[in-house]
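Asker: What follows is a single structure, and I will ask about it in a moment.
Taken together, the values in this text are just the output of simple stated rules run on the coordinates, not laboratory data. Predicted, not measured: the structure shown is a model, and the values here were computed from it. Cβ: placed from backbone, ideal geometry, glycine included. Neighbour counts: every protein chain shown.
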Amino acid sequence: MTLLFACRDGDGADWAAALHADMPELDVRVWPETGDPDDISYALVWGELAAELPRFANLEIIFSLGAGVEHLLERDDLPAGVPVVRLVDPALCAGKVEFALMRLLQYHRRMPDYAAQQRARQWRELAQTLPDERRIGIMGLGELGGAVAGALAGLGFDVAGWTRSRRTMAGVTCYAGPDDLDRFLNRTEILLCLLPLTPDTADILNADLFAALPHGAAVINLARGGHVVDDDLIAALDSGHLSGAALDVFRTEPLPPDHPFWTHERIAVTPHIAVWSRPRTAAGMVCDNIRRHRAGEPLRHAVDRARGY
Ligand code: NDP
Ligand code: OXD
């Protein structure tokens, strides 16, 4: 029973130790030390190393080393018929809530405006909005978006969410599908994107979507760079329609040095650090699924390949 850990920047030794601690009988190999490719029954993989997967003829489960799976599903050489499981890690979820709240509260409390005032040595009190008057919209109410929505509702914000299928959630106004999108956007002053990247959601943060937001809205993208049409975002900020954008993810990562996002005064850039999956909290989910698989039980957090998430 052999698992290959394949991630260029990941800490293979820490992952191997955490997987062993939970499942001592698991033989863990760390890429590029794969040994005989036919031994590999499980792969825990991230990024471009997904290109290696067709080499392993006896794969039984492909685990994504992150919550997102587009790095796997977008490949046309992904081994057919092998289940794909994504990482759902309580610490990853908590970290996402923490980072999202930090960004949302910065816009809610007008921190970018105060930063501009500081640069101009200006002492001026700006109007404050109470949480129940602040309309926040979250695209995606899954593991991550749902947790952020719950935390915001707990703080008393006026929260709405937009999903593919219709949902109900206490304290959150729920919208679903393309027909509801404009109504959801029209009421959203701070928009947070936590959608998976799929053919339906690629380029969704575009000129039409920005135009449907109220004047002065801010946009936060903590999902994938492929959701944003970069030029449309810059145009919406330069026209003054959007007041700001906070971006953690980009079409090309690292963000190229000459990309205009770096220097735009209304854009906050972070280098895809909203949250990381950690071996101590995430290895258990991988081992649990291997046990389930061996016992013939359904896997948890398996991805629907056709749906794309
Ligand atoms: P989930 O699969 O749990 O949730 C996805 C949500 O998006 C669901 O609510 C789903 O709707 C909704 N959705 C999917 N497609 C559509 C659509 N076409 N229209 C409307 N809603 C849609 O994902 P997670 O919450 O775990 O993760 C979301 C994404 O966050 C990941 O795919 C990843 O790309 C990104 N991420 C980024 C990180 C970072 O550090 N920047 C870290 C971790 C994740 P429904 O409820 O109807 O299924
Ligand atoms: C993820 C990520 O998908 O870190 O987990 O981007």
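Asker: Figure the gain on full extension for Q122 and D258 (residue separation times 0.36 nm, minus the Cα-Cα span) and round it to one decimal in nm.
Answerer: Value of the extension gain: 45.9 nm.
Asker: Let me ask something additional. Enumerate the calculated ³J(HN,Hα) couplings along region 43-54 in order (Karplus 6.51 cos²θ - 1.76 cosθ + 1.60, θ = phi - 60°), each rounded to whole Hz, writing x wherever the residue is Gly or Pro.
Answerer: Residue by residue, region 43-54 yields 10, 10, 9, 9, x, 5, 5, 4, 4, 6, 4, x Hz.
Asker: Relative to the first principal axis of the alpha-carbon coordinates of the chain, what is the inclination of helix 90-108, with its axis defined by its Cα atoms, in degrees from 0 to 90 and to the nearest 10?
Answerer: For helix 90-108, the angle is close to 10 degrees.
Asker: Could you tell me the extents of region 1-124's C-alpha atoms along the three principal axes, largest first, rounded to whole Å?
Answerer: On the principal axes, region 1-124 reaches 68, 35, 22 Å in Cα extent.
Asker: Treat every Asp and Glu Cβ in the chain as -1 and every Lys and Arg Cβ as +1, leave all other atoms uncharged, and give the resulting dipole magnitude about the Cα centre to the nearest 20 debye.
Answerer: I would put it at about 1060 debye.
Asker: Need one number: the % of Cα-Cα pairs in region 5-69 sitting beyond the 15 Å mark.
Answerer: So the portion of pairs separated by more than 15 Å is 49 percent.
Asker: State to the nearest 20 debye the size of the charge dipole of region 90-166 about its Cα centre, where the only charges are +1 on K and R beta carbons and -1 on D and E beta carbons.
Answerer: 280
Asker: Can I ask one more? Tell me, which longest segment in the chain has none of the GluC sites (Glu not before Pro) that fall in DSSP loops with at most 11 further Cβ atoms within 10 Å?
Answerer: 126-264
Asker: Follow-up question, since we're still on this one. Residue by residue, what Karplus-based ³J(HN,Hα) values in Hz, rounded to whole numbers, does region 119-132 have, using 6.51, -1.76 and 1.60 with θ = phi - 60° and x for Gly and Pro?
Answerer: Here the 3J(HN,Hα) series is 4, 8, 6, 10, 9, 8, 7, 9, 4, 10, 10, 6, x, 6 Hz.
Asker: Any chance you could check the Cα centroid distance between region 226-268 and region 17-87 for me, in angstrom?
Answerer: Each part's Cα centre sits 33 Å from the other's.
Asker: Another question, if that's okay. How big is the dipole moment of region 200-309 about its Cα centre under a simple scheme where the beta carbon of each Lys and Arg is +1, that of each Asp and Glu is -1, and everything else is neutral? Debye, nearest 20, please.
Answerer: 980
Asker: Need the full-extension length gain, N58 to H215, defined as separation in residues times 0.36 nm minus the C-alpha distance. One decimal, nm.
Answerer: Difference between extended and current length: 51.1 nm.
Asker: Tilt of helix 143-154 relative to the longest C-alpha principal axis of the chain, in degrees (0 to 90, nearest 10)?
Answerer: Computed tilt is about 40 degrees.
Asker: Taking the chain as the reference, fit the longest principal axis to its C-alpha atoms, fit the long axis of helix 279-294 to the helix C-alpha atoms, and give the angle between the two in degrees, 0 to 90, nearest 10.
Answerer: Once rounded, the angle reads 50 degrees.
Asker: I would also like to ask the following. Can you give the Kirkwood hydrodynamic radius of region 66-134 from its Cα pairs, in Å with one decimal?
Answerer: Kirkwood hydrodynamic radius for region 66-134: 16.2 Å.
Asker: What translational diffusion coefficient, in µm²/s and rounded to a whole number, does the Stokes-Einstein relation yield for the chain at 20 °C and a viscosity of 1.002 mPa s, taking the hydrodynamic radius as the Kirkwood radius over Cα pairs?
Answerer: Here the translational diffusion coefficient equals 103 µm²/s.
Asker: If you don't mind, there's one more thing I want to ask. Which of L205, L49, L144 ends up with the largest GNM mean-square fluctuation for the chain, with Cα atoms connected below 10 Å?
Answerer: Answer for the Gaussian network model of the chain: L49.
Asker: A further question follows. What are the residues whose amide H is under 5 Å from the amide H of F5, where those residues sit 5 or more places off or on another chain and H is modelled from the backbone?
Answerer: Hits under the 5 Å cutoff: R29, V30, W31, L44.
Asker: At 20 °C and 1.002 mPa s, grab the translational diffusion coefficient of region 238-303 from Stokes-Einstein with a Kirkwood Rh over Cα pairs, rounded to a whole number in µm² per second.
Answerer: Here the translational diffusion coefficient equals 138 µm²/s.
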